[in-house]
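Engineer: Provided herewith is a single structure, encoded as structure tokens, for subsequent inquiry.
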């Protein structure tokens, strides 16, 4: 029989639930218990620590500085507990476990679903939890252990991280098949800026790459018109390009189906200072991965080697 969270200190579980929910009533609904029971455990915990953990404003509960410190440590302890149970299950030969994955948006469109579908077919008892976010946030989640593995681009730092897989991918312009530039084999940013264009928002790895390429082209940068759209969603920008509204910028990852059908055309950018996008599968280096995480990482890396990314 699998040990459940009832064996973790009730006070700490109720405290964490209240901190996440923002009120005792909401936490009680999530825990399926009475509000008075949650409140009693929190009061007992505050009395034992000799410090308030929440500032109470009506029904709203806001963490104090001490509460935030305790929440951070409690989340780490609960993650350690869940990880330990997963390893124990696997050691018992149950082929169970869980893998928490964070990914950049483009990987989630086509590439990662194929990996997940194949993995679940081979390991149906292993649970996978997926978070789709921007590349910088993926790295943060792996650092903080909110994710076991991350598919990210161009992390600003690799301190505390290990790379399980890395691939450099060319950045290009994408346009509808009937766009005036679609018949060209290559283009440069100056060509693209003569037409309406969409630009990736700050925080996306593509934005950093494009800004880098433009740093030595200040004359172009000063003359170009503003983008008709700035967005943190590659899907939205690709859809705008497909509608013929603008040119957008990204790699081939995430638009494979559009390129295959001819709905979009990929035009390699020739700007000399434009860096390649580096797709990475990362994990934390200070913590040994669980057997389930190791299985998924190996499965994903094998898949990526057998199905090269252009």
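Engineer: Label-point separation (nm) for residue 212 and residue 256, each offset 7 Å from Cα along Cα-to-Cβ?
Structural biologist: 2.5
Engineer: Gain in length, residue 239 to residue 185, computed as 0.36 nm per residue apart minus the alpha-carbon separation, to one decimal in nm? Spell out each step's value before the answer.
Structural biologist: Details: separation 54, 0.36 × 54 = 19.44 nm, distance 2.17 nm.
Gain on extension, residue 239 to residue 185, equals 17.3 nm.
Engineer: Same structure, new question: To the nearest Å, what is the center-to-center distance of the range 97-120 and the range 189-216, using C-alpha atoms only?
Structural biologist: Each part reduced to its Cα centre gives a spacing of 28 Å.
Engineer: Can you give me the distance in nm between label points at residue 121 and residue 162, each placed 7 Å from the Cα along the Cα-to-Cβ direction?
Structural biologist: 2.9
Engineer: Spin-label point model (7 Å from Cα, Cβ direction): what's the residue 81 to residue 177 distance in nm?
Structural biologist: So the two model labels end up 5.7 nm from each other.
Engineer: Calculate how many DSSP beta bridges within the range 172-275 are antiparallel, expressed in % of all such bridges and rounded to the nearest 5.
Structural biologist: 60
Engineer: Further, regarding this structure: Could you work out how much longer the chain between residue 114 and residue 32 gets when fully extended? Use 0.36 nm per residue separation minus the Cα distance between them, nm to one decimal.
Structural biologist: Between residue 114 and residue 32, full extension yields 25.9 nm more.
Engineer: While we're on this one: Kindly express, to the nearest 10 degrees and within the range 0 to 90, the angle between helix 205-214's C-alpha long axis and the longest C-alpha principal axis of the chain.
Structural biologist: 40
Engineer: State the extension gain, in nm to one decimal, for the chain segment bounded by residue 57 and residue 202, taking 0.36 nm per residue of separation less the distance between their alpha-carbons.
Structural biologist: 48.7 nm
Engineer: I would also like to ask the following. For Cα pairs less than 8 Å apart in space and 6+ apart in sequence, what is the mean separation divided by the residue count of the range 5-86, i.e. the relative contact order in percent? Each step should come with its number before you reach the end.
Structural biologist: Numbers: 73 pairs, mean separation 22.8, N = 82.
Answer for the range 5-86 is 28 percent.
Engineer: Which residue fluctuates the most in the chain, going by a Gaussian network model with Cα springs under 10 Å, if the choices are 138, 62, 253?
Structural biologist: Looking only at 138, 62, 253, the largest GNM fluctuation is found for 62.
Engineer: Hey, what angle do you get for helix 10-21 against the long axis of the chain, alpha-carbon based, 0 to 90 degrees rounded to 10?
Structural biologist: The angle comes out at about 40 degrees.
Engineer: Follow-up. Determine the percent antiparallel among the DSSP beta bridges restricted to the chain, to the nearest 5.
Structural biologist: On the way: 25 of 41 bridges.
Roughly 60 percent of the DSSP beta bridges within the chain come out antiparallel.
Engineer: Moving to a separate point now. Roughly what percent of Cα-Cα pairs across the range 172-275 reach past 20 Å?
Structural biologist: Percentage above 20 Å: 30.
Engineer: Where does helix 111-122 land angle-wise versus the long Cα axis of the chain, in degrees 0 to 90, nearest 10?
Structural biologist: It is inclined by approximately 50 degrees.
Engineer: May I pose another question? Output the Kirkwood hydrodynamic radius of the chain, Cα pairs only, in Å rounded to one decimal.
Structural biologist: On the way: mean 1/r = 0.0449 Å⁻¹.
Computed over Cα pairs of the chain, the Kirkwood hydrodynamic radius comes out at 22.3 Å.
Engineer: Determine, from the Cβ-Cβ distance of residue 44 and residue 288 and an R0 of 45 Å, the FRET efficiency 1/(1 + (r/R0)^6), rounded to the nearest 0.05.
Structural biologist: For residue 44 and residue 288, the calculated efficiency is 0.80.
Read-outs: derived from the displayed coordinates by stated rules, not from any lab. All values reported here derive from a predicted model rather than from experimental measurement. No Cβ is skipped: glycine too gets one built from the backbone with ideal geometry, and neighbour counts run over all protein chains shown.
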